[in-house]
Each structure stands twice: as structure tokens, then as C-alpha cells.
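Student: Dropping the structure in here first, questions after.
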Amino acid sequence: MKKFVLILVIIFGVNTLFLKAQQPSVVKADELVKRIESPSDTLYIVNFWATWCAPCVEELPVFESSIYKSDDTIIKILLVSLDFKQAYPSLDLFLSKHNITEDVLWLNEKNPNTWVDKIDKSWSGAIPATKLYYGSKQLFHEGQISIDQLQKMINNLK
Amino acid sequence: MIKQVLFTAMLLVSSISFAQLKVGDVAPDFKLLNTNMQMVSLSDYSEYEGVVVIFTCNHCPYAKYYEDRMKALNEKYEQKGFPVIAINPNDSVAYKTDGFSYMVEKAYDFPYLLDNKGVYKKYGATKTPHVFLLKQENNGFKVAYIGAIDDSPQDETQVEEKYLEIAINAVKQGKKPKYSSTKAIGCSIKPFK
């Protein structure tokens, strides 16, 4: 019995070692909006990016929740990938290569004109773009963002 | 004190977002270098009914998806009085393949201009591709439509509404386009400094 448990532990341990990044879950824009706009005491930082977007990839290290101070508020980072359909199967490889540990979602939408405004009316559609949600308050930023800028936005939301 | 705060607030707002042209606004003239080494101005087009100005570039996957559709648009609409002018606002320091020699290689049938003068800013273009449909009026060109070419960037076979063509056809008939503006995803512009 002990041996069996040991084998199980080894198999499980080895598995988790290799399972660094999971394939991102697929969302529709409405599901995403519902999740981040529903009342909670979590501060959501939602970043829209893609592997083909150089400035997006460059700023990915900014999106690491442990960097930011927010007293006792929970900060939840969602990296929403706007990668093309054919790139979706290889997203997990990219994520483990870049050591991305925050939650990544893949947006399954065809026509941006139907969903860009749902995220923010002032968004032109250029990426990268970042939106913060806390309770009923929201802040939006189009273009690259720095750690300082993001910390300021977090402070302004609270 | 209140005045001061107000002023600072206004300054902040203006520094964060530069105003985008709106439908109905006069389109600013420009004079930029074309891939054939000639300068091209919007005012050169005064005999046309309108112009399709597309801020685009070489490196952006969304721009690449639309290359063939841009060519087809010019082929179809130049003779109908609405030629395409493509403008690349990116600095090749940021993206090598957006450099002038790479623009020349595209060998488009329409002007492909290098915007090293910040024309994109006057139009309020934020990304590539970003379309501004202009129509000729008594005192110059005015903006008739801003946004996307159609509703399916990745897959042309899935296009249901050709936003830009709908707008051109409406303008040709002297009508208001069904959509005066649409939203699309694109690559943020990395301009010349």
C-alpha cells in the first residue's frame, strides 16, 4: 500500500513539474464582461494582448500580481489573448516559455465591432490595452503600461 | 485654486488622449513621400469624389490580413471615384519591416506613403489598419466613415458586412452610411519620434 502511494506521489509530482502552463480557457466577450463586472471585492486587471503583438509581449512582465500593493484587496490578473484561431493550440508553449503564471484566457470572437465597446467605449481597438475593475469602478488604459502607471491606477480605483 | 485644478485636469486629459477626427470633420491635408519617391498630397485628389485613407503597415498581422482586400478595394473603387491612399505611420526603428524599402517591395497600385510627419496624429489614427473614408465637399474633404474594412479580419470568406464598401456606396448616393464608425482590433502605432 505504502509503495502504491509512493508511486502515485511520484507520478503526480513529475506530472506537475512538466505541466507548467495549461492551455488557456476559451471565453466569449459577454462571459468575460460578466465575470469582471459582477460585484466582488476582487480588483481585476484585464490585459488584452497577443503573441504577435511585440509591445504586448514586451510588457507581459508588468502583469504579475505580486508586484502590486493594494492593502488587503485581492488582485486578480486576467491576460486575455486576442491571438488568431490557428495560434491557439500553441499558446501553452508560449506561456511556459515566458513563465506566465497568471490566468490566461483566449477570446473566441470573430467581429471586433461587436465586442470592443463592451470592454470600453473609449477603446479604439489598438493593443495592448488594459482595464481595471473594482466594485462599480473602472479605469481604462490604451497602449503600453508601466508598473508605476499600473500601481497608480490601482491606487486611484480604491 | 479651482481654476488651477481645472486647468491641470484639462492638461491631463489633453495629454492622455489626442482628439480623433469625427465624422463630418474636415480632413487635414498632408504631403508625404510615396514609394515611387514622389510626394503625394491629399489636395492632389481634388478631382475625385472621395478618398479611402488607410493607416496601415507591413509588420502587423491584421494589416497583412487586409493587404489583398486593400488591393481589391482600390481596383474596384478607384474608377468609381474613391481611390485608396495607404499611409504607414510606424518608425522602422520599432519594426524593421515597416521601413521604406519594405514598403517599396509591396508594389501597391495605389500610393503607399511614409508618415514621418505625424499625420496619423492629426487624424487620430491609433492602430493599423485604421480607415478614414473622405468625401469631397465644396471646401475640401470631409470624414464620412471611420473604422474597419469589414467584420471578419482573419477570414475573408466569413465576411458578412463590408463596412467600408457599405459606407462608400452610401456616400456615392449622397446618403448617410449605415455605420458611421466601427471598431477593430489592430497594432498600436509606433510613430517617428
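Just so it is clear, none of the values below were taken in a lab; they were calculated from the coordinates. Keep in mind the model is a prediction, meaning the values are calculated, not measured. So basically every Cβ, Gly included, is an ideal-geometry build from the backbone, and we count neighbours across all protein chains shown.
Student: Any residue at all in region B:114-128 that's out of contact with any strand residue (DSSP E or B) (no Cβ under 9 Å at 6 or more places or on another chain) and assigned to a loop (DSSP other than H, G, I, E, B)? Outline the logic, then answer.
Tutor: Initial filter on region B:114-128 (out of contact with any strand residue (DSSP E or B) (no Cβ under 9 Å at 6 or more places or on another chain)): B:118, B:121-122.
The next check asks that each one be assigned to a loop (DSSP other than H, G, I, E, B); those that pass are B:118.
Taking every residue of region B:114-128 in turn, at least one turns out to be out of contact with any strand residue (DSSP E or B) (no Cβ under 9 Å at 6 or more places or on another chain) and assigned to a loop (DSSP other than H, G, I, E, B).
Student: In region B:151-166, what residues are more than 9 Å from every other protein chain (Cβ to nearest Cβ) and either without any contact (Cβ under 8 Å) to a residue 12 or more places away in the chain or assigned to a loop (DSSP other than H, G, I, E, B) (or both)? Let's see the steps before the verdict.
Tutor: Residues of region B:151-166 that are more than 9 Å from every other protein chain (Cβ to nearest Cβ), as a first pass: B:156-157, B:159, B:162, B:164-166.
Residues satisfying the conditions are B:157, B:159, B:162.
Student: Could you look through region B:117-171, keep only residues that are out of contact with any Asp or Glu (no Cβ under 7 Å at 6 or more places or on another chain) and among the acidic types (Asp, Glu), and pick out the one that is nearest to residue B:84 (Cα to Cα)?
Tutor: Within region B:117-171, the match that is nearest to residue B:84 (Cα to Cα) is B:165.
Student: Let me ask you something else. Within region B:167-193, restricting attention to residues that are of a type in the set (Val, Ile, Thr) and touching a Phe, Trp or Tyr at 6+ places or on another chain (Cβ under 7 Å), which residue is farthest from the other protein chains (Cβ to nearest Cβ)?
Tutor: Within region B:167-193, the first condition is being of a type in the set (Val, Ile, Thr), and the residues that meet it are B:168, B:171, B:182, B:185, B:189.
Cutting the leftovers down to touching a Phe, Trp or Tyr at 6+ places or on another chain (Cβ under 7 Å) gives us B:168, B:182, B:185, B:189.
Details: B:168: 17, B:182: 4, B:185: 5, B:189: 7 Å.
That would be B:168.
Student: Filter region B:133-150 for residues that are β-branched (Val, Ile, Thr), more than 10 Å from every other protein chain (Cβ to nearest Cβ) and more than 13 Å from residue B:65 (Cβ to Cβ) and give the result.
Tutor: B:143
Student: Let me confirm something: among A:95, A:91, which residue is buried (at least 21 other Cβ atoms within 10 Å of the Cβ) and either within 12 Å of chain B (Cβ to nearest Cβ) or assigned to a helix (DSSP H, G or I) (or both)? Can you show your working first?
Tutor: Working: A:91 fails: buried (at least 21 other Cβ atoms within 10 Å of the Cβ).
Just one listed residue meets the conditions, A:95.
Student: Looking at residue A:133 and the list (1) in contact (Cβ under 8 Å) with a residue 60 or more places away in the chain; (2) not in a strand (DSSP E or B), which single condition is not satisfied?
Tutor: (2)
Student: Tell me which residues, restricted to region A:28-64, are within 14 Å of chain B (Cβ to nearest Cβ), under 17 Å from residue A:133 (Cα atoms) and part of a strand (DSSP E or B). Give the derivation first.
Tutor: First, the residues of region A:28-64 that are within 14 Å of chain B (Cβ to nearest Cβ): A:29, A:47-59.
With the extra rule that they be under 17 Å from residue A:133 (Cα atoms), the set shrinks to A:29, A:47-48.
A:47, A:48 - these are the residues of region A:28-64 that are within 14 Å of chain B (Cβ to nearest Cβ), under 17 Å from residue A:133 (Cα atoms) and part of a strand (DSSP E or B).
Student: Select, from B:85, B:149, B:168, B:189, the only residue that is β-branched (Val, Ile, Thr) and within 16 Å of residue A:111 (Cα to Cα).
Tutor: Values: B:85 fails: within 16 Å of residue A:111 (Cα to Cα); B:168 fails: within 16 Å of residue A:111 (Cα to Cα); B:189 fails: within 16 Å of residue A:111 (Cα to Cα).
Going through B:85, B:149, B:168, B:189 in turn, just one is β-branched (Val, Ile, Thr) and within 16 Å of residue A:111 (Cα to Cα): B:149.
Student: While we're here: Given the conditions (1) more than 18 Å from the chain's Cα centre (by Cα); (2) polar (S, T, N, Q); (3) within 14 Å of chain B (Cβ to nearest Cβ), which single one is not true for residue A:108?
Tutor: In the conditions (1) more than 18 Å from the chain's Cα centre (by Cα); (2) polar (S, T, N, Q); (3) within 14 Å of chain B (Cβ to nearest Cβ), residue A:108 misses (1) alone.
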